[in-house]
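Worksheet: one structure, shown below.
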Amino acid sequence: MQKQRVFTLDEAKKKLEHYCAYQERCHQEVMLKLREMKMIPSAIDTIIGHLIEHNYLNETRFAQSFSRGKFRIKKWGREKILRELKLRQISPYNIKLALKEIPEDEYQRTLEELAAKFWKTNASRDKQVQKKKVYNALRYRGWENEFIFSEIQRLERDL
């Protein structure tokens, strides 16, 4: 059995500075990391305070970066991004700011591209099945019902 390494306060600070500098982190991730390191609650508070003070940890920056990345790279809709930010215990104010990071025109264009892709992928199927597959694929990625339905109607009309 491997023995758990014990960190001093300064070692833990340095380790977490690198952890946060490598990639944006939310408070919850940092808290979990510190608990994994078996840090005591007072040390956790001290380290988190240090990280915030030195701008390694910024919940607003994390939420905005998360929102942009999940939308542009994974093509998630607002509902899934919202759900994931809530799961990470991000404040409603920061969630609101994060969702503003997604430009409306880009959001609509991405939905159209995704819907068209799923529509073509399921073209050989019965129309009802095709619509259901497109709907399910877009819902899974967190797109809003009203956008999905209008996009499916547009695809039916145009293609």
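For LEU155, which of the numbered conditions (1) crowded, with 16+ Cβ neighbours inside 10 Å; (2) under 20 Å from the mean Cα position of the chain (by Cα); (3) farther than 30 Å from GLU29 by Cα fails to hold?
Failing condition for LEU155: (2).
Give just the number: which of (1) surrounded by 18 or more Cβ atoms within 10 Å (Cβ to Cβ); (2) touching a residue at least 40 places away in the same chain (Cβ under 8 Å); (3) among the hydroxyl-bearing types (Ser, Thr, Tyr) does SER67 not satisfy?
All conditions pass for SER67, except number (2).
Those residues that are among the polar types (S, T, N, Q) and modelled with pLDDT of 95 or more, I need them from the range 123-144; list them, please.
Applying the first criterion (among the polar types (S, T, N, Q)) to the range 123-144 yields 124, 128, 130, 136.
Hit for the range 123-144 is ASN136, nothing else.
Quick one: is GLN89 closer than 17 Å to GLN28 by Cα, not in a helix (DSSP H, G or I) and not acidic (Asp, Glu)?
Working: closer than 17 Å to GLN28 by Cα: yes; not in a helix (DSSP H, G or I): yes; not acidic (Asp, Glu): yes.
Yes, satisfied.
In the range 43-56, is there at least one residue being among the acidic types (Asp, Glu) and free of Cβ contacts under 8 Å to residues at least 24 places away in the same chain? Working first, answer last.
Residues of the range 43-56 that are among the acidic types (Asp, Glu), as a first pass: 45, 53.
In the following step, the residues that additionally are free of Cβ contacts under 8 Å to residues at least 24 places away in the same chain were identified as 45, 53.
Yes, the range 43-56 contains a residue that is among the acidic types (Asp, Glu) and free of Cβ contacts under 8 Å to residues at least 24 places away in the same chain.
Being within 25 Å of LYS15 (Cα to Cα), over 9 Å from the mean Cα position of the chain (by Cα) and either modelled with pLDDT under 95 or surrounded by 14 or more Cβ atoms within 10 Å (Cβ to Cβ) (or both) is true for just one of GLU53, GLU79, GLU59. Which residue is that? Please lay out each step first, then the result.
On the way: GLU53 fails: either modelled with pLDDT under 95 or surrounded by 14 or more Cβ atoms within 10 Å (Cβ to Cβ) (or both); GLU79 fails: within 25 Å of LYS15 (Cα to Cα).
Being within 25 Å of LYS15 (Cα to Cα), over 9 Å from the mean Cα position of the chain (by Cα) and either modelled with pLDDT under 95 or surrounded by 14 or more Cβ atoms within 10 Å (Cβ to Cβ) (or both) holds for just one of GLU53, GLU79, GLU59, which is GLU59.
If I ask for residues that are assigned to a helix (DSSP H, G or I) and surrounded by fewer than 14 Cβ atoms within 10 Å (Cβ to Cβ), which ones from the range 113-149 would you list? Reasoning before the result, please.
Narrowing the range 113-149 to residues assigned to a helix (DSSP H, G or I): 113-121, 127-140, 145-149.
Passing the criteria: GLU113, LYS117, LYS120, THR121, LYS127, GLN128, VAL129, ASN136, TYR140, ASN145, GLU146, PHE149.
Would the range 110-132 turn up any residue that is of a type outside the set (A, V, I, L, M), under 30 Å from CYS26 (Cα atoms) and either more than 10 Å from the chain's Cα centre (by Cα) or not assigned by TED's automatic domain parsing to the domain that holds ARG25 (or both)? Give the derivation first.
Step one: list which residues in the range 110-132 are of a type outside the set (A, V, I, L, M), which gives 110, 112-113, 117-122, 124-128, 130-132.
Retained after the next criterion (residues that are under 30 Å from CYS26 (Cα atoms)): 110.
With either more than 10 Å from the chain's Cα centre (by Cα) or not assigned by TED's automatic domain parsing to the domain that holds ARG25 (or both) added as a condition, the list becomes 110.
There is at least one residue in the range 110-132 that is of a type outside the set (A, V, I, L, M), under 30 Å from CYS26 (Cα atoms) and either more than 10 Å from the chain's Cα centre (by Cα) or not assigned by TED's automatic domain parsing to the domain that holds ARG25 (or both).
State whether one or more residues within the range 99-112 are over 14 Å from GLU79 (Cβ atoms), among the hydrophobic types (A, V, I, L, M, F, W, C) and assigned to a loop (DSSP other than H, G, I, E, B).
no
In a helix (DSSP H, G or I) and not assigned by TED's automatic domain parsing to the domain that holds LEU16: does that describe ARG83? Give the derivation first.
Details: in a helix (DSSP H, G or I): yes; not assigned by TED's automatic domain parsing to the domain that holds LEU16: yes.
Yes.
The values are calculated or read from the model by the stated rules, or taken from the named source; none is laboratory data. Computed from a prediction, not measured in an experiment: that's the story for all the values here. Ideal geometry is used to build each Cβ from the backbone, glycine not excepted, and the neighbour counts take in all protein chains shown.
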